[in-house]
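The values are calculated or read from the model by the stated rules, or taken from the named source; none is laboratory data. None of these values were measured; they are calculated from a predicted model. Using ideal geometry, Cβ is built from the backbone for each residue, glycine included, and neighbour counts are taken over all protein chains shown.
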Amino acid sequence: MKVLVLNCGSSSLKYQLIDMDNENVMAKGLCERIGIDGSKLTHKANDKELVIEQPMPKHTEAISLVMKALVDPEYGVITDTKEIAAVGHRVLHAGTVYSESIVVNEDVKRVIRECFDLGPLHNPANLMGIEACEEAMPGTPNVAVWDTAFGMAMPEKAYLYAIPHEYYEKYSIRRYGFHGTSHMFVSGEALKFAGLDPEKGKVIVCHLGNGASISASIGGKCVDTSMGLTPLEGLIMGTRSGDLDPAVVQTICNKEGKDVNEVLNILNKKSGVLGMSGGVSSDFRDIEKARSEGNHLAEVALDAFIYRVAKYIGAYTAAMNGVDAIAFTAGVGENDIKSRKAICSYLGYLGVEIDDEANNCRGKNQMISTADSKVKVMVLPTNEELAIARETLRLVK
Ligand code: ADP
């Protein structure tokens, strides 16, 4: 059975066609600049690359081109789009309505629409992707896999903000958590990889990329996760500040004569290690390079990033009354040997011991703790596309 996985942004569309009989990626690609000049599709399959540059005014045209590429006699991997059994869509926000993936129907589309306010950049694009597929492949089921679903298992004490309750009732203001598909996938893999009880294993997943978040889960069910109403809360990220006293917003507004929206834009796009380092970069490799060249602010930014992750691991260990496994994933988590080591150096009190030789790895499943370590620590590459494809298959089978 073949499943197409789609991740639609406002002007982009990423896809993978996965053969679920063996979970192999048959083809993958990207449509860029949808709705703007210079639209381009890059399609990769069988070690060959096809680039098509032609106008894609909407996602509908982008999907048509993807279909064309998939059945292309030279670059394609299927002979008929009817071979696609279902399409799995990454959808950002389901508000408080759905805590599980679901086959798309009119109600689901209404919920996606009602959540435009909560996910203004993503939900409209996600809906366009679904509607484009309905048009291009009538009768083929579409499945919505929500980024917020994993966090819906959090208990009230974890998801409610300490603000007047009426705001939750009126506007659904609560903590949702994001990167949910990644946390679901990696926490599940961690239970297996560490040989833990699938119902009781206590796992902390550190999804450290440009966007970064951390989750605590027991038996794969989320207990707490660091992102909140929006992805701004929690860890220090490439450009996002993470946790902060809201009075900082008021102070910057007053001192700089800016409004709240402008300051929120600064907290989302110009803060994090980019802001802390005095503008060096949002990319952790650049920050590390600057630190190695003696840039003090780059060093502080990196130290602060690591310190915040370590503090969250402590908090989440308390939340679960223990931890069996800690998994590192995403760009920094999978590749940054020094940062993993630095984070774990805070965790001696938990009996964490890292094997330096094992930790000297990138982008593969690997146990990096010693045999004596009280907590199993590992690197587990995330694979959101595969997680979405598995969810899709589960629902349409
Ligand atoms: P996102 O999906 O949120 O855009 P990724 O998970 O792709 O982010 O992670 C991107 C980050 O990973 C970048 O900041 C990049 O510098 C970092 N990264 C990738 N490889 C390395 C490495 N070898 N050492 C340190 N950081 C790395």
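Quick check: anything in the range 370-384 over 30 Å from N7 (Cβ atoms), more than 15 Å from the ligand (Cβ to nearest atom), in contact (Cβ under 8 Å) with a residue 60 or more places away in the chain and crowded, with 20+ Cβ neighbours inside 10 Å? Yes, that holds for at least one residue.
Only residues that are at pLDDT 95 or above and either farther than 17 Å from A153 by Cα or under 14 Å from the mean Cα position of the chain (by Cα) (or both) were counted across the range 212-231, and they come to 8.
Of the residues making up the range 199-212, those that are touching a helix residue (DSSP H, G or I) at 6+ places or on another chain (Cβ under 9 Å) and either of a type in the set (K, R) or within 16 Å of F150 (Cβ to Cβ) (or both) are G201, K202, V203, I204, V205, C206, H207, G211, A212. Against the condition out of contact with any helix residue (DSSP H, G or I) (no Cβ under 6 Å at 6 or more places or on another chain), assigned to a strand (DSSP E or B) and not aromatic (F, W, Y), how does S187 come out, does it pass? Considered against the rule, which asks whether it is out of contact with any helix residue (DSSP H, G or I) (no Cβ under 6 Å at 6 or more places or on another chain), assigned to a strand (DSSP E or B) and not aromatic (F, W, Y), S187 comes out as no. Among the residues making up the range 191-230, those that are in contact with a Leu (Cβ under 7 Å, 6 or more places away or on another chain) and within 13 Å of T329 (Cβ to Cβ) are F193, V203, A212, S213, I214. Within the range 257-281, being assigned to a helix (DSSP H, G or I), surrounded by fewer than 18 Cβ atoms within 10 Å (Cβ to Cβ) and in contact (Cβ under 8 Å) with a residue 24 or more places away in the chain holds for L264, N268, K269.
If you check A319, A327, A298, A290 for being more than 25 Å from N383 (Cα to Cα), in contact (Cβ under 8 Å) with a residue 60 or more places away in the chain and not in a loop (DSSP other than H, G, I, E, B), only one passes: A319. Number of residues in the range 347-385 that are assigned to a loop (DSSP other than H, G, I, E, B) and of a type outside the set (D, E, K, R): the value is 16.
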